[in-house]
Amino acid sequence: MSMIKAVIVEDSRLARNELKELIKNQGEIEILGEAENVDEGYKLINETQPDLLFLDINMPEKDGFELLEMLDKVPITVFTTAFDEYAIKSFEYNALDYILKPINAKRFGKAIEKVKVQLEGSTAESSEENVTNETKEKLTESSQIFIKDGDKCWLVKIGDISLFEIVGNYTRVYFKGEKPMLYKSLNQVEEKLPDHNFFRVNRQQIINVNYIANVVPWFNGKLKLTMNSGEEVEVSRRQSYIFKDKMSI
């Protein structure tokens, strides 16, 4: 495996130094940079596009969760916290790991092993995707997004999402029996989605074509889709023609 490129976002200099020492002993991680607050971290992550983020949850002004909400694409994230299970219990889906401060070397090693496993899976998925200059700015099926709705949080792979739906100024996200609210517009979401498996069926909804269970003709030249999760989606007349061509039906 090639070197894992990492960024540290942590307000404590002592904790940053502690992490850097542990990372140095691992020998397989390259530190691209460090930041002591969310705004610096946001800039650093967008500039360096790391594989791995070591993120403190409890920071002044903005916390670690707010940083994840700001990102379009979330790196594999290992949380560092001084509080046992602080806010981690709010994760309902796909939280990678968290480490208590002061950090134990054995516990740190176990977290890195989990990172390697996830990175190997993500690399395999990405290699199957046709990446061109035009698609580099878009998310891939293996990309993660962070969703926080009320007290619950999720890190979700794009490929696990079956449906996006407008609710007011925001977007409801459907995946694996969950449907939290993402505080971005559907148009903002659409700009980043991979074109080959996401399709705008009407003004209100975008579907992942991999999760279609059934397609039937509907009124006035429209189509009605049933998703694997049971939701029924009506394709507008204009989009129905495009959809038939896309799906060769």
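For the range 203-224, the set of residues classified as within 20 Å of ILE158 (Cα to Cα) and either open to solvent by less than 50 Å² (accessible area, probe 1.4 Å) or without any contact (Cβ under 8 Å) to a residue 12 or more places away in the chain (or both) consists of GLN205, ILE206, ILE207, ASN208, VAL209, ILE212, listed by residue number.
Determine which member of the set LEU163, LEU186 is in contact with an Asp or Glu (Cβ under 8 Å, 6 or more places away or on another chain), of a type outside the set (Asp, Glu) and under 24 Å from SER248 (Cα atoms).
It is LEU163.
For first residues located in the range 62-78 and open to solvent by 10 Å² or more (accessible area, probe 1.4 Å), partners that are of a type outside the set (A, V, I, L, M, F, W, C) and in a helix (DSSP H, G or I) and lie 6+ apart or on another chain with Cβ distances below 6 Å form the pairs MET70/TYR42; ASP72/LYS192; ILE76/GLN118.
Go over the candidates LYS89, LYS106 one by one and state the one that is modelled with pLDDT under 70 and exposed (fewer than 14 other Cβ atoms within 10 Å of the Cβ).
Of the residues listed, the single one that is modelled with pLDDT under 70 and exposed (fewer than 14 other Cβ atoms within 10 Å of the Cβ) is LYS89.
Among the numbered conditions (1) out of contact with any Ser or Thr (no Cβ under 8 Å at 6 or more places or on another chain); (2) farther than 16 Å from LEU71 by Cα; (3) of a type outside the set (S, T, N, Q), the only one that TRP154 does not meet is (2). Of the strands (runs of 3 or more DSSP E) lying entirely inside the range 175-249, not one carries at least 2 residues that are of a type in the set (Ser, Thr, Tyr) and in contact with a Leu (Cβ under 6 Å, 6 or more places away or on another chain).
The values are calculated or read from the model by the stated rules, or taken from the named source; none is laboratory data. The structure displayed is predicted, hence computed values, not measured ones. Cβ atoms come from the backbone with ideal geometry, glycine included; neighbour counts cover every protein chain shown. These accessible areas exclude ligands, DNA and RNA; they are computed on the full protein's heavy atoms, side chains included. Shrake-Rupley method; radii C 1.70, N 1.55, O 1.52, S 1.80 Å.
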